[in-house]
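Q: After the structure tokens below, expect a handful of questions from me.
The values are calculated or read from the model by the stated rules, or taken from the named source; none is laboratory data. Bear in mind that the values here come from a model prediction, so they are computed numbers and not experimental data. Here Cβ is always computed from backbone atoms with ideal geometry, including for glycine, and neighbour counts include all displayed protein chains.
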Amino acid sequence: MAGWWADARAAAVAEVLAPFAWRDFTDRMLARRVVGAVDRYVVLRFLSTIPGARAGGIGPVEPADVDDARVDALVRTLGARQWRAFSLDRLCAELIAALAAWQADWEAAPGPGGAVEDR
């Protein structure tokens, strides 16, 4: 599926969502499916860097766990937008941008998973 975005992650998410009536999803279910699609994309990209590695039979994308912090971040993003009026291309691009911003904040935060204190 081609779109106006430059981010391959957004294209991968759009490809996963396209067969569904995604506008009928709740904010949380959409967020879970988006995070699941991004995770699959990242794993497949990683495997493609390993000589001789191949992904086996790839079934449907599993939604991310309900307790995944990225899901909560996307639910907040979706709650602040009239996303059902967006095109799929725009929705995926905006959600990838929101995930990137969340990731940057998470990595910069002190504590578990965040920035490491330099001693």
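Q: Does LEU95 satisfy being at pLDDT below 90 and either in a helix (DSSP H, G or I) or touching a Ser or Thr at 6+ places or on another chain (Cβ under 9 Å) (or both)?
A: Against the criterion (at pLDDT below 90 and either in a helix (DSSP H, G or I) or touching a Ser or Thr at 6+ places or on another chain (Cβ under 9 Å) (or both)), LEU95 does not qualify.
Q: Which of the numbered conditions does VAL66 fail, given that it passes all the others? Conditions: (1) part of a helix (DSSP H, G or I); (2) within 16 Å of PHE25 (Cα to Cα).
A: (1)
Q: Residue by residue through the stretch 24-57, note down the ones that are under 18 Å from the mean Cα position of the chain (by Cα) and in a loop (DSSP other than H, G, I, E, B).
A: Residues satisfying the conditions are PHE25, THR26.
Q: So, one more: List the pairs whose first member sits in the stretch 23-50 and is at pLDDT below 90 and surrounded by fewer than 17 Cβ atoms within 10 Å (Cβ to Cβ), whose second member is small (Gly, Ala, Ser) and part of a helix (DSSP H, G or I), and whose Cβ atoms are under 9 Å apart, counting only residues at least 6 apart or on separate chains?
A: LEU44/ALA12; ARG45/ALA8
Q: Anything in the stretch 66-87 that is under 16 Å from the mean Cα position of the chain (by Cα), within 17 Å of VAL13 (Cβ to Cβ) and not hydrophobic (A, V, I, L, M, F, W, C)? List them, or say none.
A: ASP68, ARG70, THR77
Q: Let me ask something else about it. Looking at ALA11, ALA73 in this structure, which one is among the aliphatic types (A, V, I, L, M), in contact (Cβ under 8 Å) with a residue 60 or more places away in the chain, outside any loop (DSSP other than H, G, I, E, B) and in contact with a helix residue (DSSP H, G or I) (Cβ under 8 Å, 6 or more places away or on another chain)?
A: Details: ALA73 fails: in contact (Cβ under 8 Å) with a residue 60 or more places away in the chain.
Of the residues listed, the single one that is among the aliphatic types (A, V, I, L, M), in contact (Cβ under 8 Å) with a residue 60 or more places away in the chain, outside any loop (DSSP other than H, G, I, E, B) and in contact with a helix residue (DSSP H, G or I) (Cβ under 8 Å, 6 or more places away or on another chain) is ALA11.
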